[in-house]
Amino acid sequence: MYIFIINPIAGNGRGNKVFQRLKKLDLYRTLEREEHITMYKGHAKKIAQEIITSTEKITAIIVIGGDGTLNEVVNGISQSGKLVPISYIAAGSGNDFRRGANLPQNPTTILKNILTQKEERSYWYGNCEINNEIISFVNCVGVGFDAVVADQANRSIFKKILNKIGLGKFVYVIALIYELIFYRPLSVKVKIDGKLQIFEQCFLLTVSNQPYFGGGMKINPYANNNQNHFSLLVVDRISKWKVLFLFITVFIGKHIHFKEVNILSGKNIQIEPSEVATFQIDGEIKRIDYCVIKKQPFPLKVKGY
């Protein structure tokens, strides 16, 4: 049984357009399948939880939507302990998981690969504990500038307009420029595998499973998906005029050569900002004063390559 979870409003309606296109394929019509349409934020998680407990034989769960939809589905299945194969047909604004996992861009190609190829690849994701709640993430989490930019992008009046004309990823650029004016750094304590470091003027701190963030920004080129560690990028003690130059180069990953950029790695990471701070989990926003980040003990099994 193939389970399709579709977010029709992802990418300002692109999720529905992709789904309607796939439904016309002979390959799709012959499948033993179930289709579930999300109706509200958080619905994909609820659907995944119900499916994982009620459906005996799941060949694969196929997500059609954005990174947020994928995050919800992964959180829906992660607590079950079942290694259900999953695939992602990108239809959102950012689609960074597709880039990081190196999945094909064409929806029809991915569907054909899912159905005709037996290959599955392991994708090691992370868990973040906040206020006694465990939340899984596939791309990255972060505190500081990347989080406030994600928050601003989600609330931006330009998001629907840019999605409509196929330029959704540029909403992050607009949000970035806006936050450059108002954002101020904060002090952050970071304990990595038991070793404490303090960044007194932390501009941003990102913990990544793969290199991409914000619709193609290569925020951490050293992030390589594996079961042993996360890659951390910390920008500390940087002037605002230099931040602009940093983000000019972030799409090609050259910002890592700035002396204010620190690349670290670890498996168990504790983050404690000096004040309640904005925190992003795969682009979804939380407010934290402390969190613990660990590798999930079981990987996703991803199909569609």
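The values are calculated or read from the model by the stated rules, or taken from the named source; none is laboratory data. In this text the structure is predicted, and so the values were computed from the model without any measurement. Here Cβ is always computed from backbone atoms with ideal geometry, including for glycine, and neighbour counts include all displayed protein chains. The area values use the complete protein model at the heavy-atom level, side chains included, leaving out ligands, DNA and RNA. Shrake-Rupley method; radii C 1.70, N 1.55, O 1.52, S 1.80 Å.
So the values come out like this:
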{"item": "Chymotrypsin sites (Phe, Trp or Tyr not before Pro) within region 210-252: DSSP coil, no more than 14 neighbouring Cβ in 10 Å", "result": "Y222"}
{"item": "Antiparallel bridges, percent of DSSP beta bridges restricted to region 1-138 (to nearest 5)", "result": "25 percent"}
{"item": "Sparse-neighbour loop sites [GluC sites (Glu not before Pro); region 55-150; at most 13 other C-beta within 10 Å; DSSP]", "result": "E56, E119"}
{"item": "Centre separation in Å (Cα based) which lies between region 233-283 and region 108-122", "result": "35 Å"}
{"item": "Neighbourhood net charge (12 Å Cβ-Cβ; Lys/Arg +1, Asp/Glu -1) for K82", "result": "+1"}
{"item": "Above-threshold pairs, the threshold being 29 Å between Cα atoms, out of K57/K295; K57/K286; K46/K191; K240/K295; K41/K254; K82/K118", "result": "K57/K286; K46/K191; K240/K295; K41/K254"}
{"item": "Counting DSSP beta bridges with both ends in the chain, the antiparallel % (nearest 5)", "result": "75 percent"}
{"item": "Environment charge of V190, counting only residues whose C-beta is closer than 13 Å and scoring Lys/Arg +1, Asp/Glu -1", "result": "-1"}
{"item": "Karplus (6.51, -1.76, 1.60) ³J(HN,Hα), θ = phi - 60°, over region 186-191, in Hz, Gly and Pro reported as x", "result": "9, 7, 9, 8, 10, 10"}
{"item": "Chain lengthening between K189 and S80 when straightened (0.36 nm per residue, less Cα-Cα)", "result": "36.0 nm"}
{"item": "Of the trypsin sites (Lys or Arg not before Pro) in region 203-304, those whose Cβ has at most 10 other Cβ within 10 Å and which sit in DSSP loop", "result": "K259"}
{"item": "Mean ellipticity per residue at 222 nm, deg cm²/dmol - from DSSP H runs of n ≥ 4 across the chain, formula -39500 (n - 2.57)", "result": "-8500 deg cm²/dmol"}
{"item": "Accessible area of the chain divided out per residue, in Å², using a probe of 1.4 angstrom", "result": "46 Å²"}
{"item": "Apportionment of accessible area to carbon and sulfur, the chain, percent (1.4 Å)", "result": "51 percent"}
